[in-house]
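Undergrad: Before I ask anything, let me first share the structure, which is written out below as structure tokens.
The values are calculated or read from the model by the stated rules, or taken from the named source; none is laboratory data. Note that this is a predicted model, so its numbers are computed, not measured. In this analysis, Cβ positions are derived from the backbone assuming ideal geometry, glycine residues included, and neighbour counts consider all displayed protein chains. To get the accessible areas, we keep the full protein, side chains included, count just its heavy atoms, and leave off ligands, DNA and RNA. Shrake-Rupley method; radii C 1.70, N 1.55, O 1.52, S 1.80 Å.
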Amino acid sequence: MLAKVLSSAVLGIDAYVVEVEVDITMGLPAFATVGLPDGAVRESKDRVKSAIKNSGYRFPPHRITVNLAPADIKKEGAGFDLPMAMGILTATGLVNREKLERYLLIGELSLDGKVKPTRGALPMALAARNNGFLGIIVPEGNSRESAVVRGVDVFPVSHLTQVVNFLNDIDILTPKKINVKDLFTRDSRYEMDFDEVKGQEHVKRALEIAAAGGHNIMMVGPPGSGKTMLAQRLPTILPDLTFEEALETTKVYSIMGLMGERALIATRPFRSPHHTISDAGLIGGGQIPKPGEVSLAHNGVLFLDEMPEFRKNVLEVLRQPLEDGKVTIARAATSITYPARFMAVAAMNPCPCGFYGDHKRQCQCTHLQIQRYRTKVSGPLLDRLDIHVEVPAVQYQDLAQEKGGESSEAIRKRVNAARTAQQQRFKNHKIFCNAQMPPRLLKRFSQLEEDSHRLLETAIDRLGLSGRAHNRILKISRTIADLEGLDQISAAHIAEAIQYRSLDRGLT
């Protein structure tokens, strides 16, 4: 007795179809699973056996062999429980074979036959649509995220008997429907707003420029100056998330099992890992590779608070995602690529005690201690942070104000206008914002007036700025001009951009 059930598994952020083949032969009772199963898949036999018995069906007392094809890819997770159970019931003649072949099945089984949510339901629903299946049968808890996919019916189930009765035409399952447009509109609101921040107008301006040009930013200031508060509100002024971006971000959260009750990630993510994180936790990895914080921040913001406190090897692995917008994790059996296009926002104290340059509190650090503290962030990594801005302590007069500054919505309108201009400029170059400009495009799109040339030359000579700092200043100037709707970069734009490279000047 042989049966085949179609299921799905995730590789990277995409899913592929897995054939669950079940063979029942005469012999001593045994249950063997082959096809590179991990521990959770091998343990399925006990869950499946109990679920079938406790659902009122007979478990065959014979030799059962389950093969997961393709057999050369490692299978993980408990999502194969439901397909295995249906394969056994089909092989014993309790389920309609013909109807079973039209659907993809995923789901974990509890011992009483209930179907529990599993990871990766969204990419699996996409795989069902792309491979022409009539529908996908998913746990009730995964139905909302799966129903976001158009072109395939999503049937939510909560118990094994529901699946059996549906496939045998005893009961009818109603496909889950979601109005994606209304959902996207409702869930795209942020809980925070920039008008809650009092004072720090020049830092808000720097964050607006960073958002408009996609620039990574470093904030340097004493404890309590509002660096974290400002960083948390940066996603609220980034360009509106498109549906394609939302879908790609949701796929990452789906395979990590972080969706909860949400159907779609409709706001730009904000991730703030602790400084004790490992390199694998930050960029992804593990025996069976999983996405890291940089991928969870895809299309959003990665905030590194107290950046010098991170281990040096952890910070250095950020170079590839900052440059390429993706992370490639190589293993002996396979190589997996995760998306990691994010804005990096870093924060640090100006010195170990935090009060270097503060007018009210005296710094207790020596010149050597400050140098050693700042060199914990390497030059190559610092070069990838376009904007450096100082965040001083907030004055009482600012804190006493009843109102903050502009709202996030007002700032986001200007950012959207600047990004629209950049998309038009780079429509034939496969880049999306000023921060991604290579040197040849930087020269082409950063035409300077004569006084701008002289100002930039003077700044580089007097401040001893490097060639990389020169390029960063031009990119920032281009963004400032875009915010004002201008094609030409003026001396005022260059002067403002030079102010945002404070760490290039060293200690004074």
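Undergrad: Which order do the peptides 476-488, 74-86 take when ranked by the mean count of other beta-carbon atoms within 10 Å per residue, highest first?
TA: Working: 476-488: 20.0, 74-86: 25.7.
Ranking the peptides 476-488, 74-86 by packing returns 74-86, 476-488.
Undergrad: In addition: Report relative contact order for segment 125-242 in percent, whole number only (criteria: Cα-Cα under 8 Å, sequence separation at least 6). Walk me through the intermediate numbers first.
TA: On the way: 98 pairs, mean separation 20.7, N = 118.
Relative CO of segment 125-242 lands at 18 percent.
Undergrad: Please state the relative contact order of segment 1-70 as a whole percent: Cα pairs under 8 Å, 6+ residues apart?
TA: On the way: 106 pairs, mean separation 28.6, N = 70.
So the answer I get is 41 percent.
Undergrad: Tell me which residues come under 5 Å, amide H to amide H, from Phe270 once H is placed; ignore anything under 5 positions away on its chain.
TA: Those qualifying (amide H under 5 Å, at least 5 residues apart or on another chain) are Val301.
Undergrad: Oh, and also: How high is the relative contact order of the chain, in percent, with contacts defined as C-alpha pairs under 8 Å that are six or more residues apart?
TA: Relative contact order of the chain: 13 percent.
Undergrad: What fraction of the Cα pairs in the chain, stated in percent, has a spacing above 37 angstrom? Intermediate values should be presented prior to the final figure.
TA: Details: 52635 of 128778 pairs.
So the portion of pairs separated by more than 37 Å is 41 percent.
Undergrad: Still on this structure, please answer the following. Give me a comma-separated list of calculated 3J(HN,Hα) values for segment 111-121, in order, Karplus coefficients 6.51, -1.76, 1.60 applied at θ = phi - 60°, integers in Hz, x for any Gly or Pro.
TA: 5, 9, x, 6, 9, 9, x, 9, 7, x, 5
Undergrad: Once amide H atoms are built 1.01 Å from N in the peptide plane, which residues 5 or more positions from Lys290, or in another chain, come under 5 Å H to H?
TA: When sequence neighbours closer than 5 places are left aside, the close amide H contacts are Gly285.
Undergrad: With only alpha-carbon atoms in the gyration tensor, what are the semi-axes of the equivalent ellipsoid for segment 167-267, in Å, largest first?
TA: Details: eigenvalues 302, 36, 32 Å².
So the equivalent ellipsoid measures 39, 13, 13 Å along its semi-axes.
Undergrad: Here's another thing I want to ask about it. Roughly how big is segment 421-508's charge dipole about its Cα centre, with Cβ charges of +1 (Lys, Arg) and -1 (Asp, Glu), in debye to the nearest 20?
TA: Details: 14 positive and 10 negative charges, 116 e Å.
The calculated dipole for segment 421-508 is roughly 560 debye.
Undergrad: Excluding residues fewer than 8 places away in the same chain, name every one of the lysines whose C-alpha is closer than 23 Å to that of Lys176.
TA: Partners found: Lys99, Lys114, Lys116, Lys251.
Undergrad: Quick check on packing: order 215-228, 232-245 by the mean number of other C-beta atoms within 10 Å, highest mean leading.
TA: Values: 215-228: 21.3, 232-245: 19.0.
Put in order of decreasing packing, that is 215-228, 232-245.
Undergrad: Tell me whether segment 356-508 comes out rounded, prolate or oblate; compute the Cα gyration tensor, take square roots of the eigenvalues as a ≥ b ≥ c, and use a/c under 1.5 as the rounded threshold. Let's see the in-between values first.
TA: Working: a/c = 1.97, a/b = 1.29, b/c = 1.53.
Oblate shape, in that a/c is at least 1.5 and b/c is the bigger or equal ratio.
Undergrad: Right, next: Among all the lysines, which ones have a C-alpha under 26 Å from Lys204's C-alpha, if same-chain residues fewer than 8 places away are not counted?
TA: Result set, ordered by chain and number: Lys227, Lys360, Lys403, Lys413, Lys475.
Undergrad: Let me ask something additional. Which cross-chain or sequence-distant (5 or more) residues have an amide H under 5 Å from the amide H of Leu304, H modelled 1.01 Å from N in plane?
TA: Amide H neighbours of Leu304, under 5 Å, 5+ apart: Val345, Ala346, Ala347.
Undergrad: Sort by residue number and name the cysteines in the chain that have no neighbouring cysteine Cβ under 4.7 Å.
TA: Cysteines of the chain left without a disulfide-compatible partner: Cys353, Cys363, Cys433.
Undergrad: Taking only DSSP H segments of four or more residues, each worth -39500 (n - 2.57), what value at 222 nm results for the chain once the sum is divided by all its residues, to the nearest 500 deg cm²/dmol?
TA: When only DSSP H runs of four or more count, the value is -10500 deg cm²/dmol.
Undergrad: If you don't mind, another one. Please turn the phi angles of segment 428-436 into ³J(HN,Hα) values with the Karplus equation 6.51 cos²θ - 1.76 cosθ + 1.60 (θ = phi - 60°), one per residue in order, whole Hz, x for glycine and proline.
TA: 3J(HN,Hα) across segment 428-436, in whole Hz: 9, 10, 6, 10, 10, 8, 4, 4, 8.
Undergrad: Keeping all protein chains in place, calculate the accessible area per residue for segment 37-91 (probe 1.4 angstrom), answer in Å².
TA: On the way: 2060 Å² over 55 residues.
Counting only protein heavy atoms, the per-residue value for segment 37-91 is 37 Å².
Undergrad: For segment 169-184, take each phi angle, set θ = phi - 60°, evaluate the Karplus expression 6.51 cos²θ - 1.76 cosθ + 1.60, and give the result in whole Hz per residue in order, putting x for glycine and proline.
TA: So the J values, rounded to whole Hz, are 6, 8, 10, 10, 9, 8, x, 6, 10, 9, 7, 5, 4, 5, 4, 5.
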